[in-house]
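Here the structure is laid out as structure tokens; the discussion comes afterwards.
The values are calculated or read from the model by the stated rules, or taken from the named source; none is laboratory data. Please read these numbers as outputs of a predicted model, since none were measured by experiment. Note: ideal-geometry Cβ built from the backbone for every residue, glycine included; neighbour counts use all protein chains shown. These accessible areas exclude ligands, DNA and RNA; they are computed on the full protein's heavy atoms, side chains included. Shrake-Rupley method; radii C 1.70, N 1.55, O 1.52, S 1.80 Å.
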Amino acid sequence: MVAAHEAGAFGFLAAGYLTAEDLTEKMKAAAAVSYGVNLFAPATGELSGADTEALHSYRHHLIDEYMRFGVEPPSAVVDPTDGWDTKLEAIYSAAETGFGPKVVSVTFGLPPATVVEKLHR
């Protein structure tokens, strides 16, 4: 973020796939500059049986690649919310503490109006 700021850009933290704890650490590291955070909108509903099967098949297909690089494959359990609620709480807390983002954007959907209102505050 600092490098983006120094180059005259407005940087964003990509929060998709991060834990709320990792997001908090990245926000703290960016606290010296203005920055934004991009969140994945939570998926609505559960994965269909076909989607779950495709996910497990793809994960199985990649296991050889993980092993080749000595990396542990990710869990087959998927959180369709991508930690939405805990990431929002981390952002709210960071804002209250003085190191929160100036902008929050959302990808893959729209947040509820109540969330937008709270982010504006």
Show me the helices (runs of 4 or more DSSP H) found entirely inside region 1-84 where at least 3 residues are closer than 15 Å to residue 99 by Cα. 20-29
Of the numbered conditions (1) at pLDDT 95 or above; (2) open to solvent by less than 90 Å² (accessible area, probe 1.4 Å), residue 102 fails exactly one; give the number of that condition. (2)
Restricted to region 84-121, and to residues that are of a type in the set (Ser, Thr, Tyr) and more than 17 Å from the chain's Cα centre (by Cα), which residue is farthest from residue 9 (Cα to Cα)? 114
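Residue by residue, here is whether (1) more than 21 Å from residue 84 (Cα to Cα); (2) surrounded by fewer than 14 Cβ atoms within 10 Å (Cβ to Cβ) holds:
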site	(1), (2)
10	yes, yes
15	no, no
20	no, no
28	no, yes
39	no, no
57	yes, yes
63	yes, yes
Restricting attention to region 52-68, does a residue exist that is of a type in the set (Phe, Trp, Tyr) and at pLDDT below 90? yes
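Within region 85-98, identify whether any single residue is open to solvent by 50 Å² or more (accessible area, probe 1.4 Å), free of Cβ contacts under 8 Å to residues at least 60 places away in the same chain and hydroxyl-bearing (Ser, Thr, Tyr), and answer yes or no.
Kept after step one, since they are open to solvent by 50 Å² or more (accessible area, probe 1.4 Å), are these residues of region 85-98: 85-86, 89, 93, 95-98.
Now restrict to residues that are free of Cβ contacts under 8 Å to residues at least 60 places away in the same chain: 85, 95-97.
With hydroxyl-bearing (Ser, Thr, Tyr) added as a condition, the list becomes 97.
Yes, region 85-98 contains a residue that is open to solvent by 50 Å² or more (accessible area, probe 1.4 Å), free of Cβ contacts under 8 Å to residues at least 60 places away in the same chain and hydroxyl-bearing (Ser, Thr, Tyr).
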